[in-house]
1. Give me the pairs: first residue in region 92-115 and farther than 18 Å from residue 75 by Cα, second residue of a type in the set (D, E, K, R) and surrounded by 12 or more Cβ atoms within 10 Å (Cβ to Cβ), beta-carbon distance under 7 Å, and six or more apart or on different chains, which are they?
2. For region 115-167, enumerate the residues that are more than 23 Å from residue 99 (Cβ to Cβ), at pLDDT 85 or above and open to solvent by 40 Å² or more (accessible area, probe 1.4 Å).
3. Scan (1) surrounded by fewer than 16 Cβ atoms within 10 Å (Cβ to Cβ); (2) modelled with pLDDT of 90 or more for the single condition residue 58 breaks and write down its number.
4. Could you tell me how many of the residues in region 90-114 are among the charged types (D, E, K, R) and in contact with an Asp or Glu (Cβ under 9 Å, 6 or more places away or on another chain)?
5. Counting only residues that are within 21 Å of residue 125 (Cβ to Cβ) and in a helix (DSSP H, G or I), which one in region 27-49 is most open to solvent (accessible area, probe 1.4 Å)?
6. Looking only at region 90-114, filter to residues that are exposed (fewer than 14 other Cβ atoms within 10 Å of the Cβ) and out of contact with any Lys or Arg (no Cβ under 6 Å at 6 or more places or on another chain); which one of those is modelled with the highest pLDDT?
Amino acid sequence: MPQAPIFESTGVGALPAPAQPVLHKAVDVWLVEDHALVRMATSQALESWGCKVMQWEGMPPDSVIESAATPPHALVADYRLSGDATGLDVARRLRSRWPGLPVAIITGDPGIDIHEVARLGNIAMWQKPVLPSLLINWLAEIGEPAAERSAPALRPVVDKPGTIGLS
């Protein structure tokens, strides 16, 4: 059963979570997740942080992509989607329209081809379950819309065990 990437449990005697950054402006996030409960939980968390969320089970329709007046600030997508599609396919399609679009891929799949991720460049990739602090910190770093942002040089980093990031 897929694990929800957003909410973490706190047991008796757990230390309080460190303060999370505040999003100083609304962040438009396109969320692509094929599991309905995970999509709902992720969307609720994003909205609670002040994000405006558009969500899909799979690839957003071409009509939506082409008619969007402004690009989203970020794409958050599951790696494995229904059928043969992946979050990287969605990222590739959206970046054909908005080349600087920040992308976070969340996965439960340990066998991802890191070379495929590197070819797209500037992808944050996290293994499920994702701590909310990772996602909100990433969103807080996103400044201007993708159309006004230049893609930085690819620099592979390992955030912590089990977490791979490319920035």
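The values are calculated or read from the model by the stated rules, or taken from the named source; none is laboratory data. This is a predicted model, so every value here is computed, not measured. Positions of Cβ are generated from backbone atoms using ideal geometry, with glycine treated the same way; all protein chains shown enter the neighbour counts. The protein model used for the area step is the full one, side chains on, heavy atoms only, and it has no ligands, DNA or RNA in it. Shrake-Rupley method; radii C 1.70, N 1.55, O 1.52, S 1.80 Å.
1. As it stands, the answer is 109/80, since those pairs meet every condition given.
2. Those that are more than 23 Å from residue 99 (Cβ to Cβ), at pLDDT 85 or above and open to solvent by 40 Å² or more (accessible area, probe 1.4 Å): 127, 129, 131, 134, 137.
3. So residue 58 meets the others, but not (1).
4. Qualifying residue count, region 90-114: 2.
5. Here the answer is 39.
6. Out of the qualifying residues, it is 96.
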